[in-house]
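The values are calculated or read from the model by the stated rules, or taken from the named source; none is laboratory data. Owing to the predicted nature of the structure, the values given are computational and were not obtained by experimental measurement. FYI the Cβ positions are ideal-geometry reconstructions off the backbone, even for glycines, and counts take in every protein chain you see. For accessibility, only protein heavy atoms count, side chains too; no ligands or nucleic acids. Shrake-Rupley method; radii C 1.70, N 1.55, O 1.52, S 1.80 Å.
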Amino acid sequence: MTLLCISNGHGEDIIAVRVLKELRRLPNAPTISTLPIVGEGGAYQKAGFPIVGPTQTMPSGGFIYMDTRQVFRDVQGGLVGLTLAQLKTLRAWGKTGGKVLAVGDIVPLAMAWASGADYAFIGTAKSEYYVRDEAGRLPNRPWLEGRSGSIYLPWERWLMGHRRCRGVFVRDQLTADALQRCGIKASYPGNPMMDGLGAATDKLARLTAAFPPAKAVLTLALIPGSRAPEAFDNWQRLVIALDSVAQAFHTRQIRALGAIAPSLNVAVLKDALIDAQWQPEPGTLLTFSRHNCRLVITTDAFAECLHLADAALATAGTATEQAVGLGKPVFTIPGPGPQFTAAFAEAQSRLLGPSIMVVENPTDVGSALADCLQDGDRLQHIADNGRARMGQAGAGRAIAAALIHGFSESHST
């Protein structure tokens, strides 16, 4: 079997890689190729999966759906020609008898259908939680949204129910149940975003050793996102928020862990700290202090930062969801974007429910955090909610096994 995986975004690429790695470990593993239809597929390259067909980074960075003004810029940047060339690659792939795995939203799903091949779909962009929760429909949602029986629209469900679609995997049980009521054989084996988040003992020890022993320590993870230059603007808001936390918890020692994407220029983050009157500690490169707070920047211990944290301050997409999945309360601070805008933060709060607290002004984070941490029942509810909405680790392996089964059935018939 040969398999071509297509996805439309950096987060989608990462989710796809987690499934593909599990596929690669199976004794009957297919030969795997990839085609990122947004960006250049750095996650695939890093994992050693070959890319076939053309790729290109568009001016919008893939955030067309957040700002329709970006569409014109992408068209000027060659979007139409790129899409046609990618469709040509897919059709050629389908003619060879290869299978297609689509990861993301309707765009890769429709392209998988257009290939003429058997295909499967991992839906990452939609969830019933955007319009309802277990108690019923959320207030103030557009009347038509989700009224067709599912957050997925009828034409999306047609693509999922097509005879060549050999598997549909969605991001939570609430969404799977709604699709099943519409006649779609959707399943929820968990969320691959929660795979690979185990904490390494040596990294935990290294982070802990960066702070002197102290009583009543409050540990926070700072997650500014991974896209420059937006992440640098986000970082400045997080630093302001950290000042408000230091004031609200002035009797405690604050341990702040900057969980920074390796792609970001750490020097820019350090300069922002110094401009905000943080002092670099002697003999260290990435440790700073101010008032009752000490901050360490790390680029290789994201999971460890989350495991150590009592809460997270975030301006990110996938990373925020992972923090929620580990049971952490997350305080998000929207900005000008292009990704982490007020609209994005509001939608994310619907997706993740009570685990997310949207704070418009970073100077208000300290009081919001204090209110949350003194309520034990609320913290337990947040932990339970995170596990329910994001699932446990192991989804990548379960999806991989289901893909092999589904595509093998299609071959035998």
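So in segment 211-246, with the set limited to residues that are assigned to a loop (DSSP other than H, G, I, E, B) and touching a residue at least 60 places away in the same chain (Cβ under 8 Å), which one is least open to solvent (accessible area, probe 1.4 Å)?
Selected residue: PRO224.
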What do you reckon, is ALA347 out of contact with any Gly (no Cβ under 7 Å at 6 or more places or on another chain), surrounded by fewer than 17 Cβ atoms within 10 Å (Cβ to Cβ) and touching a residue at least 12 places away in the same chain (Cβ under 8 Å)?
yes
Step by step: first the residues of segment 373-384, then only those that are assigned to a helix (DSSP H, G or I) and either at pLDDT below 95 or charged (D, E, K, R) (or both), then the one that is nearest to MET193 (Cα to Cα). Which residue is that?
ASP384
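If I filter segment 155-174 down to residues being over 23 Å from ALA117 (Cβ atoms) and not acidic (Asp, Glu), which single residue comes out as least open to solvent (accessible area, probe 1.4 Å)?
ARG171
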Would you mention how many residues in segment 114-149 are buried (at least 18 other Cβ atoms within 10 Å of the Cβ), within 26 Å of PHE407 (Cα to Cα) and out of contact with any Asp or Glu (no Cβ under 6 Å at 6 or more places or on another chain)?
9
Residue count, segment 385-413, condition open to solvent by less than 70 Å² (accessible area, probe 1.4 Å) and part of a helix (DSSP H, G or I), comes to 18
Output the residues belonging to segment 316-339 that are out of contact with any Lys or Arg (no Cβ under 7 Å at 6 or more places or on another chain), within 15 Å of LEU222 (Cβ to Cβ) and in contact (Cβ under 8 Å) with a residue 60 or more places away in the chain.
ALA316, ALA319, THR320, GLN322, ALA323, LYS328, PHE331
Condition (residue is assigned to a helix (DSSP H, G or I) and in contact (Cβ under 8 Å) with a residue 24 or more places away in the chain) applied to segment 247-257: is it met by at least one residue?
yes
For ASP310, work out the one condition from (1) touching a residue at least 40 places away in the same chain (Cβ under 8 Å); (2) surrounded by fewer than 22 Cβ atoms within 10 Å (Cβ to Cβ); (3) closer than 30 Å to LYS126 by Cβ; (4) not hydrophobic (A, V, I, L, M, F, W, C) it doesn't fulfil.
(3)
